[in-house]
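Q: I am attaching a structure below and will ask some questions about it afterwards.
The values are calculated or read from the model by the stated rules, or taken from the named source; none is laboratory data. All values reported here derive from a predicted model rather than from experimental measurement. Neighbour counts are summed over all protein chains in view; Cβ atoms, including those assigned to glycine, are modelled from backbone coordinates with ideal geometry. Quick note on the areas: whole protein, heavy atoms, side chains included, nothing else; ligands and nucleic acids left out. Shrake-Rupley method; radii C 1.70, N 1.55, O 1.52, S 1.80 Å.
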Amino acid sequence: MSVDILMPALSPTMEEGTLSKWLKKEGDRIESGDVIAEIETDKATMEVEAVDEGTLARILIPEGTEGVKVNAVIALLAEEGEDTSDVSACEPAANGSAIEAEAPSPPPAPEPAPATMGHNSANLIDPDLPEGTSFTDTAIRDALRDAMAEEMRRDDKVLILGEEVAEYQGAYKVTRELLQEFGAERVIDTPITEHGFAGVGVGLAFGGLKPIVEFMTFNFAMQAIDQIINSAAKTLYMSGGQMGCPIVFRGPNGAAARVGAQHSQDYAPWYGHVPGLKVIAPYDAADAKGLLKAAIRDPNPVVFLEHELLYGESHPVPDLDDYVLPIGKAKIRREGRHVTLTAHSRMVGFALKAAEILAGDGIEAEVIDLRTIRPLDTQTIVESVKKTNRIVTCEEAWRFMGVGAEICATVVNEAFDYLDAPPTRVTQKDVPLPYAGNLEALSLPGTEDIVAAARTVCEGM
Amino acid sequence: MGKAEPRISVPAPAFRPGDTPGFSRLGLPRPGHHARPDILADAAEIRDLAFGLVGVLDEEANAVGDWAPGLSPEELRAGLKTMVLTREYDNRMLKMQRTKRLSFYMKSLGEEAVAVAATQALDAGDMLFPSYRQQGALIQRGAELVDMMCHCISNSRDNLKGRQLPVHYTRKDLNWFSVSGNLGTQFPQAVGWSMASALKGETAIACSWIGDGTTAEGDFHAAMTLASTYNAPVVLNVVNNQWAISMHNSISGGKAPSFAAKAIGYGIPGIRVDGNDYLAVAAVTRWAAERARGGGGPTLIESYTYRGEAHSTSDDPSKYRPKDEYEAWPLGDPVERLRAHLIKLGEWDGEQHEAWQAECKQAVADAWKEALTYGTLEEGPHAPVPTMFEDVFTAQPWHLRRQRQELGV
């Protein structure tokens, strides 16, 4: 098999040059590294060095030729044991770019395709609560705190860093008393540089620890998004599987009350878009605890979206030593047969209230708490829609490219024949969240919007 | 537009194509000028090091002054050999790119000592967070050229499975983190890694490099702040090779007297070192490493050097700087200077040097040939296609299995 010798480029901008001199002739033995020719442009000259060894079988471009295109074949090299007379004279490619492709070696046989798989959430099951399990009403901020404290007791590699997490106990008191229990080396106050301490957190994870990075709000994490996406989410893949980043980025997400557009945004669709990240957005205290414990144990980077307006709300949390929930499993919070309502985080509460109101109209709504945004439990959603034939997605984020868009597309794709009405989305108005109370209320989606959307899709039911 | 005199200015290099380059304006101190402070010296006491230039090798190739690191002839020879091998590797890879056997490459001509001497001064367990021109460090750590080449052409032996740009080597086994394509992210990560090591009670430190241009990134300042706040055991290097592609370092440096001087505001020692002086780079890195290991915290080292070649195979430096500027660089060539020093010591000679160069050339040619047996850039074989869906998460989620099935692999 002969080897093509190509016209080299002196610089990235060079397109053609003069083949000024051949230093070897046909039939000469060539060693790798031998200078075989000289080329020149109006700027410089360069020696052409043989890369491979063999015998110079044919010179295709005589010396003195001007305007030889970069990467044109200028000579053919016969390899060891090859008869130079067998080397076929292939014409130099006209545009200099086409290299005669050798027959590729056959690719390895594809491994047998596994049996077709459906969605996977069937094997993800919330832990059974033993009979007689007691419950304690717990505020969400305390459920989150308990989750971190339990995991920090369980694994000394777990630590937390962020603004105000130590002395001040967290801007929202989510890290209450952690400094006292675990000390300043595991509960670390950081300077106000989200990008910086997110990067340090990523480095801690690469260094074998399991950091929890608290953002005072996810709005401020915009500054850190390069570390979250380009480093935390992509390194396992880009390193060929050598280095992963077990880290949790957590903090309040979504609209608080009257804090303006730069403090009020739901980032679920932003992070949900990214391969390599898991994204969790719980609604109640038990889920907040069980899912944060799961997030801390997960070997992948996890974005854990809390809600400022839910921190003070209390819900029963099972009194178990180790309550861990599966990531990637939605929860049906209310069963119904007429319309499916999907929601995450604070919107779950509105969806449940809406279902209450709709029940008065004779509309039985099924409320699905997504809990995890990525991986999204589409199985639970699709099965529900096959039963109810209607769906309204509810989220605090903007509609364009939102979580609801993904759910609606999936439902249309996988349950099209079951749909009795177009999938509908309830979202924030498509404006940065205004400050004035009246405008803020009009902009954000709430119970009434969900009720109205559900009534619309159920018309003529 | 108003008529007032403009009060802003955009810096420009002293010389552009067509000009005769010269560096007499730099006014650099002579080798041996600076005293070597105690490794735990107060940063405030050693500020002069940020404005000066630590040098060891003088014009006569003697090792002079306090900073002479006392490396053994064996260590010096090893360093020289690695630098020569790195240069031959670079030369071959550029040629391969110019003939389309490789898509992209970045040489380290003139900057070999910055990477090789620093790595020799560190422990094997210290974690490196490199930038673009530290391939010499990887070779110093023992990477096989074949493996480096296989990565660069994404063939079946590419340990990154065809997922990364050429020269973005990643070697966990050699304590070499990935090269970051978006510049500077490795600086705070190195700080974090070094803190993890300290929190685990281990002695390993981290060492990172960025270019002069990247000091303008927030990552640089965040890393300096956090390294200072937590006294992180980390060595942070700015390789000031004068150019960020076509932008002269005055664009990122502004009115700063040096890049090392930026450390002063953070309360961190800043040391400017002659980056083309193997002994000086080794000495300063060793000082910083000992300081970090001894609880003295971070050091910022500015390696003063010159990028001898294009930024990458995608730019043509003759368009933005004088062609002969590299020849005019007053700090010489790191390989030649160490070679002359070893010859002066009677530990090396011209014949040995030529023989080693020839050996390297052959080793690189042989490695390339072997690399091609694992596949070529265009024809492969490449990583098996099903692996495209692996390592997104530690366990493959169902939707990726499904996407793989849809692709029929």
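Q: Tell me, please, whether a residue that is within 8 Å of another protein chain (Cβ to nearest Cβ) and surrounded by fewer than 20 Cβ atoms within 10 Å (Cβ to Cβ) can be found in segment B:192-204.
A: The answer is yes; a qualifying residue exists.
Q: On the basis of being buried (at least 24 other Cβ atoms within 10 Å of the Cβ) and either more than 7 Å from chain A (Cβ to nearest Cβ) or modelled with pLDDT under 95 (or both), does B:Val238 make the cut?
A: Considered against the rule, which asks whether it is buried (at least 24 other Cβ atoms within 10 Å of the Cβ) and either more than 7 Å from chain A (Cβ to nearest Cβ) or modelled with pLDDT under 95 (or both), B:Val238 comes out as yes.
Q: What number goes with the only condition from (1) charged (D, E, K, R); (2) surrounded by 24 or more Cβ atoms within 10 Å (Cβ to Cβ); (3) free of Cβ contacts under 8 Å to residues at least 60 places away in the same chain that A:Asp298 does not pass?
A: Of the numbered conditions (1) charged (D, E, K, R); (2) surrounded by 24 or more Cβ atoms within 10 Å (Cβ to Cβ); (3) free of Cβ contacts under 8 Å to residues at least 60 places away in the same chain, the odd one out for A:Asp298 is (2).
Q: For segment A:138-172, which positions are of a type in the set (A, V, I, L, M, F, W, C) and either surrounded by fewer than 23 Cβ atoms within 10 Å (Cβ to Cβ) or in a helix (DSSP H, G or I) (or both)?
A: Once the filter is applied, which keeps residues that are of a type in the set (A, V, I, L, M, F, W, C) and either surrounded by fewer than 23 Cβ atoms within 10 Å (Cβ to Cβ) or in a helix (DSSP H, G or I) (or both), segment A:138-172 yields A:Ala139, A:Ile140, A:Ala143, A:Leu144, A:Ala147, A:Met148, A:Ala149, A:Met152, A:Val158, A:Ala166, A:Ala171.
Q: Is it the case that A:Leu291 is assigned by TED's automatic domain parsing to the domain that holds A:Thr380 and either part of a helix (DSSP H, G or I) or in contact (Cβ under 8 Å) with a residue 60 or more places away in the chain (or both)?
A: In short, no.
Q: Still on this structure, I have one more. Counting only residues that are open to solvent by 10 Å² or more (accessible area, probe 1.4 Å), part of a loop (DSSP other than H, G, I, E, B) and at negative phi, how many does segment B:110-142 have?
A: Of the residues in segment B:110-142, 8 are open to solvent by 10 Å² or more (accessible area, probe 1.4 Å), part of a loop (DSSP other than H, G, I, E, B) and at negative phi.
This table checks each residue for (1) within 27 Å of B:Pro13 (Cα to Cα); (2) in contact (Cβ under 8 Å) with a residue 40 or more places away in the chain.
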residue	(1), (2)
B:Trp176	no, yes
B:Gln189	no, yes
B:Ala204	no, yes
B:Gly211	yes, yes
B:Ala222	no, no
B:Tyr230	no, no
B:Gly265	yes, no
B:Asp277	yes, yes
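Q: Right, here's the next one. If you go through segment A:173-190 one residue at a time, do you hit one that is at the interface with another protein chain (Cβ under 9 Å from one of its Cβ atoms) and open to solvent by less than 10 Å² (accessible area, probe 1.4 Å)?
A: The answer is no, given that none of the residues of segment A:173-190 is at the interface with another protein chain (Cβ under 9 Å from one of its Cβ atoms) and open to solvent by less than 10 Å² (accessible area, probe 1.4 Å).
Q: For residues that are part of a strand (DSSP E or B) and not small (Gly, Ala, Ser), scanning just segment B:288-340, find the one that is farthest from the chain's Cα centre (by Cα).
A: Out of the qualifying residues, it is B:Thr299.
Q: Could you check how many residues of segment A:208-223 are under 15 Å from A:Gln262 (Cβ atoms) and open to solvent by less than 10 Å² (accessible area, probe 1.4 Å)?
A: So the answer is 3.
Q: What are the residues in segment A:302-317 that are crowded, with 24+ Cβ neighbours inside 10 Å and farther than 22 Å from A:Ala397 by Cα, if any?
A: A:Val317
Q: Something else about it: If A:Ala256 satisfies all but one of (1) assigned to a loop (DSSP other than H, G, I, E, B); (2) crowded, with 20+ Cβ neighbours inside 10 Å; (3) of a type in the set (A, V, I, L, M, F, W, C), what's the number of the condition it fails?
A: (2)
Q: When the residues of segment B:368-385 are narrowed to those that are away from chain A (no Cβ under 11 Å) and assigned to a helix (DSSP H, G or I), which ends up most open to solvent (accessible area, probe 1.4 Å)?
A: Taking the candidates together, the pick is B:Glu370.
Q: Identify, from the list B:Gly297, B:Gly350, B:Gly346, B:Gly308, the residue that is free of Cβ contacts under 8 Å to residues at least 12 places away in the same chain and in contact with a helix residue (DSSP H, G or I) (Cβ under 8 Å, 6 or more places away or on another chain). Don't jump to the end; show me each part of the working.
A: Working: B:Gly297 fails: free of Cβ contacts under 8 Å to residues at least 12 places away in the same chain; B:Gly346 fails: in contact with a helix residue (DSSP H, G or I) (Cβ under 8 Å, 6 or more places away or on another chain); B:Gly308 fails: free of Cβ contacts under 8 Å to residues at least 12 places away in the same chain.
On inspection, the qualifying residue turns out to be B:Gly350.
Q: Output the residue which, of all residues in segment B:76-118 that are β-branched (Val, Ile, Thr) and touching a residue at least 60 places away in the same chain (Cβ under 8 Å), is farthest from B:Met148 (Cα to Cα). Give the derivation first.
A: If we filter segment B:76-118 for residues that are β-branched (Val, Ile, Thr), which is where we start, we get B:82, B:84, B:86, B:99, B:114, B:116.
Still in the running and touching a residue at least 60 places away in the same chain (Cβ under 8 Å): B:84, B:114, B:116.
Values: B:Val84: 16, B:Val114: 19, B:Val116: 16 Å.
Result: B:Val114.
Q: Ok, one more. Within segment B:20-62, work out how many residues are of a type in the set (A, V, I, L, M) and in a helix (DSSP H, G or I). Reasoning before the result, please.
A: Step one: of segment B:20-62, the residues of a type in the set (A, V, I, L, M) are B:26, B:28, B:35, B:39-41, B:43-44, B:46, B:49-50, B:53-54, B:56-57, B:61.
Filter again for in a helix (DSSP H, G or I), leaving B:26, B:43-44, B:46, B:49-50.
Going through segment B:20-62 one residue at a time, the tally reaches 6.
Q: Which residue is nearest to the other protein chains (Cβ to nearest Cβ), if the candidates are limited to segment B:124-141 and must be among the hydrophobic types (A, V, I, L, M, F, W, C) and under 19 Å from B:Ala78 (Cβ atoms)?
A: The qualifying residue nearest to the other protein chains (Cβ to nearest Cβ) is B:Leu128.
Q: Could you grab me the full set of residues in segment A:363-401 that are β-branched (Val, Ile, Thr), more than 14 Å from A:Ala351 (Cα to Cα) and more than 20 Å from the chain's Cα centre (by Cα)?
A: Of everything in segment A:363-401, those that are β-branched (Val, Ile, Thr), more than 14 Å from A:Ala351 (Cα to Cα) and more than 20 Å from the chain's Cα centre (by Cα) turn out to be A:Thr380, A:Ile381, A:Val382, A:Val385, A:Thr388.
Q: Against the definition (under 24 Å from A:Ile140 (Cα atoms), aliphatic (A, V, I, L, M) and open to solvent by less than 30 Å² (accessible area, probe 1.4 Å)), how does A:Ala205 come out, yes or no?
A: Taking the combined requirement at face value, the residue does not satisfy it.
Q: Only residues that are surrounded by fewer than 24 Cβ atoms within 10 Å (Cβ to Cβ) and within 14 Å of another protein chain (Cβ to nearest Cβ): list them for segment B:283-313, please.
A: Selection gives B:Glu309, B:Ala310, B:His311, B:Ser312, B:Thr313.
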